[in-house]
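Worksheet: the structure to be examined is printed underneath.
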Amino acid sequence: MDFRHELKFIVSERELEVIKYRLKPLMRQDAHQKKGAYSVRSLYFDDFYNSCMRENEDGIDNRSKYRIRIYDGDLSVIKLEKKMKYRGMTRKVSESISKESCICYMGGNSPGLSPESTDLQKEFYGKIRMKGMHPVCIVEYERTAFVEPKGNVRITFDKNIRGNEKIEGFLDLKIQAAPLLPKGSHILEVKYDELLPDYICRALEIGTLQRTSFSKYYYARNYKNI
């Protein structure tokens, strides 16, 4: 997958509902979305120097983040991911890992390498050994996703975004976490390859949207109530 455009907006409950109403006849819902939304929980990592947080804070355009992600609390599918940003565009590498490997990473360790290890696993192993990459925070939210093959468009609404630094609870059924946005505020993300189709642009045009550089990871690490 090549780098893609990624636009973010903070939206109110009313704005979210208006845009959802417009998108429903134009785009189909994500195939993994069974009941109108699904939960996403991510465990983010940083090194001894807090490089990921500092690069985000400084607005460095060429940067990467590492995370482990689960969906709807399903521990049969656990993803190790690297998300890269370059010149305002993003790219994600994602692959499945075992629960045992996840627990090892949660302890700030690596499950080691084997002849079958992927490039991402080798890279992450090096980050752990050389730079002390370790888990630093958890982010969780409910996501509604719409997709459109033309332009490889994916539009998501992330609600009830919350976080904590209680790493040991990442695999628990439920976690306690603090909200990262004021009540009634949510995140709209628009991802696409080369061009965003005009009919989707028109559906998104409500006259009040303002782009933001909001980072769930950064807010989770800096939110005072956590």
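The values are calculated or read from the model by the stated rules, or taken from the named source; none is laboratory data. The shown structure was predicted, so the numbers you read here are calculated from the model rather than taken from an experiment. Using ideal geometry, Cβ is built from the backbone for each residue, glycine included, and neighbour counts are taken over all protein chains shown. The accessibility values were calculated without ligands, DNA or RNA, using every heavy atom of the protein model including side chains. Shrake-Rupley method; radii C 1.70, N 1.55, O 1.52, S 1.80 Å.
Of the residues Arg69, Arg63, which is open to solvent by less than 20 Å² (accessible area, probe 1.4 Å), free of Cβ contacts under 8 Å to residues at least 60 places away in the same chain and within 16 Å of the chain's Cα centre (by Cα)?
Of the residues listed, the single one that is open to solvent by less than 20 Å² (accessible area, probe 1.4 Å), free of Cβ contacts under 8 Å to residues at least 60 places away in the same chain and within 16 Å of the chain's Cα centre (by Cα) is Arg69.
Residue-by-condition table, conditions (1) aliphatic (A, V, I, L, M); (2) over 19 Å from Phe157 (Cβ atoms); (3) touching a helix residue (DSSP H, G or I) at 6+ places or on another chain (Cβ under 6 Å):
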| residue | (1), (2), (3) |
| --- | --- |
| Lys8 | no, no, no |
| Arg22 | no, no, yes |
| Gly59 | no, yes, no |
| Leu80 | yes, yes, no |
| Tyr86 | no, yes, no |
| Ser94 | no, yes, no |
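May I ask you to list the residues in segment 160-178 that are within 24 Å of Glu15 (Cβ to Cβ) and under 16 Å from the mean Cα position of the chain (by Cα)?
Once the filter is applied, which keeps residues that are within 24 Å of Glu15 (Cβ to Cβ) and under 16 Å from the mean Cα position of the chain (by Cα), segment 160-178 yields Asn160, Ile161, Arg162, Gly163.
Restricting attention to segment 119-161, report how many residues are open to solvent by less than 50 Å² (accessible area, probe 1.4 Å), farther than 23 Å from Phe48 by Cβ, without any contact (Cβ under 8 Å) to a residue 60 or more places away in the chain and of a type in the set (S, T, N, Q).
So the count comes out to 1.
If I go through segment 1-60 residue by residue, how many of them are open to solvent by 50 Å² or more (accessible area, probe 1.4 Å), small (Gly, Ala, Ser) and either in contact with a Gly (Cβ under 9 Å, 6 or more places away or on another chain) or assigned to a strand (DSSP E or B) (or both)?
Going through segment 1-60 one residue at a time, the tally reaches 0.
Would you call Lys92 of a type outside the set (Phe, Trp, Tyr), open to solvent by 50 Å² or more (accessible area, probe 1.4 Å), touching a residue at least 40 places away in the same chain (Cβ under 8 Å) and in contact with a Lys or Arg (Cβ under 6 Å, 6 or more places away or on another chain)?
Values: of a type outside the set (Phe, Trp, Tyr): yes; open to solvent by 50 Å² or more (accessible area, probe 1.4 Å): yes; touching a residue at least 40 places away in the same chain (Cβ under 8 Å): yes; in contact with a Lys or Arg (Cβ under 6 Å, 6 or more places away or on another chain): yes.
Considered against the rule, which asks whether it is of a type outside the set (Phe, Trp, Tyr), open to solvent by 50 Å² or more (accessible area, probe 1.4 Å), touching a residue at least 40 places away in the same chain (Cβ under 8 Å) and in contact with a Lys or Arg (Cβ under 6 Å, 6 or more places away or on another chain), Lys92 comes out as yes.
Can you list residue pairs whose Cβ atoms sit under 8 Å apart, with the first residue in segment 174-200 being farther than 22 Å from Arg221 by Cβ and the second being open to solvent by 80 Å² or more (accessible area, probe 1.4 Å) and in a loop (DSSP other than H, G, I, E, B)? Count only pairs 6 or more apart in sequence or on different chains.
Asp193/Asp2; Pro197/Lys150
Which condition breaks for Ser114 when tested against (1) modelled with pLDDT under 95; (2) part of a strand (DSSP E or B); (3) farther than 25 Å from Leu188 by Cα?
Here Ser114 meets the rest and fails (2).
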